[in-house]
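Visitor: Sharing a structure here in structure tokens format.
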Amino acid sequence: MYRLTSVPDSAALSVRMVLEELGQPYQIHALDKEGGEQDSPAYRARQPLGLVPALETPDGPMFETAAILLWLADRHGGELAPAPQDRDRAAFLKWFFFVAHNVHPTLLQFFYPARVAGEGAVDGVLSHAHGRMESYLALVEAMVADEAPAWASPERAGIFAIYLGMMLRWMGSLPADHPGHFRAAHYPALYRVLSQLEVRPSVQAVARAEDLGAKPFTDPTA
Ligand SMILES: N[C@@H](CCC(=O)N[C@@H](CS)C(=O)NCC(=O)O)C(=O)O
């Protein structure tokens, strides 16, 4: 059985949704942050930066959200990502890594700006990150609107949409005047995908378990 180390409403969400979608049994291990578990040698051996998620698998421990999502999709087949031999694997990988390498790290700057530049330069980091995020999301929106790839359709509940939906959840939950505030509703093609994806039983099961509300991707403050 998989064992997912998590804190509520963290990047572990996407892994949990994918495990639900795959129907794979798993246990949640709640990281004891107050007790300092993230700094313990045992946890650092599984996640060297002390972050979540970490997933224990039959092939050994894994960290990095995108790597875990892709590994689960590949390992269990199905429809969550195009298989290596599929024609649309190339386009899928390109955009999945685009999100993992651009959207995710920029998003983290909204939540931990001082880590990037120290306390004195937080405003500059936030406004620079805002501009980059605006262009990243516009590119993803245009791709989904123009190409309507099957791997980003709500029917497939793919790892691309689950990963991006989780990030839009967090950005949408920031105050409206925060530079990191971006809402799915501003991106019609993404909104259409995410509003159908979020009512799937897998996403709803995690939303109930972690108290995320009825529309975890498109209306995180509801
Ligand atoms: N690149 C990592 C980032 C993971 C990450 O930043 N996790 C956050 C929660 S969403 C965390 O553990 N934050 C606690 C902290 O930074 O102290 C991944 O994709 O797994």
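Visitor: Rounded to the nearest 0.05, what FRET efficiency is calculated for K94 and E134 with R0 set to 22 Å and r the Cβ-Cβ distance?
Guide: Rounded to the nearest 0.05, the efficiency is 0.60.
Visitor: Please work out the average accessible area per residue across the stretch 2-75, using the 1.4 Å probe convention, and give it in Å².
Guide: Accessible area per residue: 45 Å².
Visitor: Let me ask something additional. Tell me, what is the FRET efficiency for H29 and V199 to the nearest 0.05, using R0 = 22 angstrom and their Cβ-Cβ distance as r?
Guide: 0.20
Visitor: Which ³J(HN,Hα) values in Hz, rounded to whole numbers, follow from the phi angles of the stretch 20-26 under the Karplus curve 6.51 cos²θ - 1.76 cosθ + 1.60, where θ = phi - 60° and Gly and Pro get x?
Guide: So the Karplus estimates, Gly and Pro as x, are 5, 4, 7, x, 8, x, 8 Hz.
Visitor: What is the extension gain from A222 to V116, computed as 0.36 nm multiplied by their sequence separation minus the C-alpha to C-alpha distance, in nm to one decimal?
Guide: Additional length available on full extension: 35.1 nm.
Visitor: Sticking with this one: Restricting the count to DSSP beta bridges whose residues both fall in the chain, what percent are antiparallel, rounded to a multiple of 5?
Guide: Taking every DSSP beta bridge with both residues in the chain, the antiparallel ones total about 60 percent.
Visitor: Tell me the label-point distance for the pair A142, A209, using the 7 Å Cα-to-Cβ offset, in nm and rounded to one decimal.
Guide: 3.8 nm
Visitor: Same structure, new question: Would you mind computing, in nm to one decimal, how far apart the modelled labels at A42 and R3 are, each placed 7 Å from Cα along Cα→Cβ?
Guide: 0.8 nm
Visitor: Still on this structure: For a quick protection proxy, order the peptides 131-143, 147-159 by their average other-Cβ count within 10 Å, most packed first.
Guide: 147-159, 131-143
Visitor: Could I ask something else about it? How far apart, in nm, are two points set 7 Å out from the Cα along the Cα-to-Cβ line at E155 and at D177?
Guide: Once both label points are built, they end up 4.6 nm from each other.
Visitor: Do you know the relative contact order of the stretch 89-209, to the nearest whole percent, from alpha carbon pairs under 8 angstrom that are 6+ apart?
Guide: 23 percent
Visitor: Quick query: amide H of A54 versus all other amide H atoms, modeled in the peptide plane; which residues come in under 5 Å with a sequence gap of 5 or more or a different chain?
Guide: Under 5 Å from the amide H of A54 lie the amide H atoms of T5, each far enough along the sequence or on another chain.
The values are calculated or read from the model by the stated rules, or taken from the named source; none is laboratory data. None of the values given here were measured: they were computed from a predicted structure. With ideal geometry, Cβ positions are generated from the backbone for all residues, glycine too; neighbour counts draw on all protein chains shown. Side chains are part of the model used for accessible areas, which takes the heavy atoms of the whole protein and leaves out ligands, DNA and RNA. Shrake-Rupley method; radii C 1.70, N 1.55, O 1.52, S 1.80 Å.
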